[in-house]
Amino acid sequence: MGNVRILRGRRDRAVLSSGLIALMAMGCGRDAHVEERPGPGAARAPVMIQDHGSCPDCSIVFREVATLTDSDAPAGFREDAAGHDCMVGRLGSGGFVVSGVIGGGKVLLFHSDGTFSTAIGQRGQGPGELSRDLRVLVGPGDSLFVMDDGQARMTLFDAGGTYHRSFPTPATYRSFLRMPTGVYVFHRTSSGPGDDLFYVTDPEGSVLQSFGQPILRGRDAALDTWITAASSGGGIWMTSIWNYQLQEVDLDGNGHRNLTNRVDWLPGGPPPLDELGLDNPPPPVIKHIWEDQEGGLLWVYGLVPSADWSPDLPLEPRNEWLNASFDMVVEVIDPEEASLLARERLADVFSQVCGSPLMYRVATGERLDTQMIITRPELIRGASIPVERP
């Protein structure tokens, strides 16, 4: 899920998306129209993931890698950054880059020990200038690919902060991947007949191919949001935020693997829109998926309503609201065996460090500074170790 945006009002929409994004209608009084058709890459029959205790001693551990603080930076961290994927990137030097800053207009670089290094960029609409809502991905040689949501374009800087070029991104995009070959895969919601869900572009932004017909139609097409991750086979993994169906496809949209799961925390399909009002808990969604390129395991991150949720919670895009409204479910799957290895439920909400297995969460420090806590999720085999909550 790339962004969390909350708007008050009887007919307002709450937007939940993942480098992505998920769009969920709030109290619109309509039923979403779902066509009975397979997903975009569902060319193969689905294989059910088995939860039969294939690794009874496996556990999931989140190990702290670094703590970034905004106390010495020229701009503060956004308190809603935990609701956005790709607001942190990992540099090849071991440091980090943060795009989730108050007011936007720049990205902040940090050393590996979490101390501030320098800022790149300035606010504006000209070449090399940036708007408020930014996401960042680290490329070869620590080049920076800044996704400028406000201006619908990708801006490239070199490691020293020199502007190189920009190109427009597909309209209504929800998430993006940069593949090892240099091409991009954008997911967008449908804006009309003939629109596909996934667009592959070259490094200059020209569309090479597209695939994936929408499942939701009409005005409800905005709900047809998918999560993507690079696969070790050179294609992508994808899943709807509403359905636990992990599909591996190549960049032409041809299906290779199709794994599905029935879990109590994700009923399947978007709920009736009249249940998405302010007086009901937020619906569960899949937030993020990731394939471990070395071990080949799939990591699935979901958001489920927290026991602390209350209709009296102030609807503000802050970290306190996010953690009081959601818990996070983390599952590790062996795709070759179609088996669940481990599952944990966390009280904190983590988001993706872009293009990396690392995850981050937002916290308030002792000096009331806002912190980005960077963690590395690990699967521990053969020992019963409780989850660390850094």
Of (1) hydrophobic (A, V, I, L, M, F, W, C); (2) under 10 Å from residue 285 (Cα atoms); (3) in a strand (DSSP E or B), residue 242 satisfies every one except (3)
Pairs only if they're at least six apart or on different chains, beta carbon under 6 angstrom, first in region 224-241 and in contact (Cβ under 8 Å) with a residue 60 or more places away in the chain, second of a type in the set (Phe, Trp, Tyr) and assigned to a strand (DSSP E or B); list them, first residue then second.
229/237; 229/290; 231/237; 238/226; 240/226
Any strands (runs of 3 or more DSSP E) falling wholly within region 133-190 and containing at least 1 residues that are among the basic types (Lys, Arg) and within 21 Å of residue 223 (Cβ to Cβ):
173-178, 184-188
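What number of residues within region 313-359 satisfy the criterion of being modelled with pLDDT of 90 or more and aromatic (Phe, Trp, Tyr)?
2
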Which of (1) out of contact with any Pro (no Cβ under 6 Å at 6 or more places or on another chain); (2) surrounded by 17 or more Cβ atoms within 10 Å (Cβ to Cβ); (3) of a type in the set (Lys, Arg) is the odd one out, the single condition residue 188 does not satisfy?
(1)
Here is a check on your reading of the model: is residue 331 acidic (Asp, Glu), outside any loop (DSSP other than H, G, I, E, B) and crowded, with 21+ Cβ neighbours inside 10 Å?
yes
Odd one out for residue 140, checked against (1) out of contact with any strand residue (DSSP E or B) (no Cβ under 9 Å at 6 or more places or on another chain); (2) touching a residue at least 12 places away in the same chain (Cβ under 8 Å):
(2)
Counted residues, region 202-230 - those being surrounded by fewer than 22 Cβ atoms within 10 Å (Cβ to Cβ), small (Gly, Ala, Ser), modelled with pLDDT of 85 or more and not in a strand (DSSP E or B):
2
Is at least one residue of region 108-130 farther than 15 Å from residue 88 by Cα and under 22 Å from the mean Cα position of the chain (by Cα)?
yes
List pairs: first in region 346-360 and under 18 Å from residue 145 (Cα atoms), second at pLDDT below 95 and among the acidic types (Asp, Glu), Cβ under 6 Å, 6+ apart or cross-chain?
352/85
Being among the hydrophobic types (A, V, I, L, M, F, W, C) and either in a loop (DSSP other than H, G, I, E, B) or modelled with pLDDT of 85 or more (or both) is the filter here, so list the residues in region 77-92 that pass it.
77, 81, 86, 87, 88, 91
Just one listed residue, out of 70, 51, is modelled with pLDDT under 90 and of a type in the set (Asp, Glu), and it is 51
Please find, among 254, 258, the residue that is over 26 Å from residue 61 (Cα atoms), touching a Pro at 6+ places or on another chain (Cβ under 8 Å), surrounded by fewer than 21 Cβ atoms within 10 Å (Cβ to Cβ) and in contact (Cβ under 8 Å) with a residue 60 or more places away in the chain.
258
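The values are calculated or read from the model by the stated rules, or taken from the named source; none is laboratory data. Since this is a predicted model, take the numbers as computed values, not measurements. Using ideal geometry, Cβ is built from the backbone for each residue, glycine included, and neighbour counts are taken over all protein chains shown.
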